[in-house]
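**Student:** Submitted below is the structure of interest, expressed as structure tokens.
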Amino acid sequence: MHHIYLVEDEPHLHRVLAAYLEQEGWRVTVFSTGSEAQARVRDKPSLWILDVMLPGVDGFELIRQIKACDDAVPVIFISARDQDLDRVLGLEMGSDDYLAKPFLPRELVIRTRKLLERCYGVAKPSDGASVSIGPYAILLRERTVLEGTDRIELTSKEFDLLCHLVKHVGHAFSRDDLLNHVWGTEYFGSDRVVDDLVRRVRKKLPHVPIETLYGFGYRLVEL
Ligand code: CA
């Protein structure tokens, strides 16, 4: 799973952006100051998203340090400052893309995906292959789950739920999110049906690590 480091000091903006990025199944770590991010420049995230204007250490100083550690790591700059200047400076310092504020979160998601694909190839498992979790092989296209050579029978909804969690490992979904995804937004019923569905999936696939987030929902834990 791709891990994205997002450095942005506006709390509202970083929450929104992180939520959009996580919705794509990426893991996101947010830093709200340049100095917090500076302490982590030696980490190897899949990609950095840097705001230019930050209190303390700014985006330009950060990219200099990031590129000094590993100049292959992709970086996207976001900035509300003099746009042409930041764009040129950013590109000179090795940024791979640039977005001027204000932008639609969706646009950042698209740029991020393009850059990740360019650097790491097309993301899996959305290519329709199989995913293995513990002793199970989940064949996404065939909608089949195997344990060894034994096929485990799942209902269509059980499979939809499993598949959604598998494609977004680590992502915390509320019951409402899962209800909307598995039953559709037209469904008007109690979100307790989600609990029942999870219970059935756990019973059939006891080695799939679905974590309960009390009072919120569920998440598939990374193995
Ligand atoms: Ca800022």
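The values are calculated or read from the model by the stated rules, or taken from the named source; none is laboratory data. In this text, all values refer to a predicted model and were calculated from it rather than measured experimentally. Note that each Cβ is placed from the backbone with ideal geometry, even for glycine, and that neighbours are counted across all protein chains shown.
**Student:** Return the pair list, or none, for Cβ contacts closer than 9 Å from residues in the range 1-30 that are free of Cβ contacts under 8 Å to residues at least 40 places away in the same chain and within 18 Å of LYS44 (Cβ to Cβ) to residues that are in a helix (DSSP H, G or I) and within 16 Å of the ligand (Cβ to nearest atom), at least 6 apart or on different chains.
**Tutor:** These pairs meet every condition: VAL28/LEU17; VAL28/ALA18; THR29/ALA18; VAL30/HIS14; VAL30/ARG15; VAL30/LEU17; VAL30/ALA18.
**Student:** Now, a different point. Output the residues belonging to the range 17-36 that are more than 12 Å from the ligand (Cβ to nearest atom), assigned to a loop (DSSP other than H, G, I, E, B) and not acidic (Asp, Glu).
**Tutor:** Scanning the range 17-36 gives GLY25, TRP26.
**Student:** Every residue in the range 37-63 that is more than 13 Å from the ligand (Cβ to nearest atom) and in contact with a Gly (Cβ under 9 Å, 6 or more places away or on another chain), please.
**Tutor:** Correct list: GLN38, GLU61, ILE63.
**Student:** Of all residues in the range 71-93, which are of a type in the set (Gly, Ala, Ser) and crowded, with 16+ Cβ neighbours inside 10 Å?
**Tutor:** Answer for the range 71-93, where residues must be of a type in the set (Gly, Ala, Ser) and crowded, with 16+ Cβ neighbours inside 10 Å: SER79, GLY90.
To keep it simple, each residue is scored yes or no on (1) out of contact with any Pro (no Cβ under 8 Å at 6 or more places or on another chain); (2) modelled with pLDDT of 95 or more; (3) surrounded by fewer than 23 Cβ atoms within 10 Å (Cβ to Cβ).
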| residue | (1), (2), (3) |
| --- | --- |
| THR29 | no, yes, yes |
| ASP43 | yes, no, yes |
| ILE49 | yes, yes, no |
| VAL52 | yes, no, no |
| PHE60 | yes, no, yes |
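**Student:** Next question. Are any residues in the range 210-223 on the phi < 0 side of the Ramachandran plot, surrounded by fewer than 16 Cβ atoms within 10 Å (Cβ to Cβ) and either over 17 Å from the mean Cα position of the chain (by Cα) or free of Cβ contacts under 8 Å to residues at least 24 places away in the same chain (or both), and if so, which ones?
**Tutor:** Matches in the range 210-223: GLU211, THR212, LEU213, TYR214, PHE216.
**Student:** Mind listing just one residue for me: the one in the range 188-209 that is closer than 16 Å to VAL145 by Cα and among the basic types (Lys, Arg) and, of those, surrounded by the most Cβ atoms within 10 Å (Cβ to Cβ)?
**Tutor:** LYS204
**Student:** Name every residue in the range 1-16 that is within 12 Å of the ligand (Cβ to nearest atom) and not in a strand (DSSP E or B), in order of residue number.
**Tutor:** Matches in the range 1-16: GLU8, ASP9, GLU10, PRO11, HIS12, LEU13, HIS14.
**Student:** So the check is Cβ under 6 Å with 6+ separation or different chains; which pairs have a first residue in the range 32-52 that's assigned by TED's automatic domain parsing to the domain that holds SER79 and a second one that's among the charged types (D, E, K, R) and part of a helix (DSSP H, G or I)?
**Tutor:** VAL52/ASP86
**Student:** Scan the range 4-25 and tell me whether some residue there is farther than 22 Å from ARG106 by Cβ and surrounded by 21 or more Cβ atoms within 10 Å (Cβ to Cβ).
**Tutor:** No: the range 4-25 contains no residue that is farther than 22 Å from ARG106 by Cβ and surrounded by 21 or more Cβ atoms within 10 Å (Cβ to Cβ).
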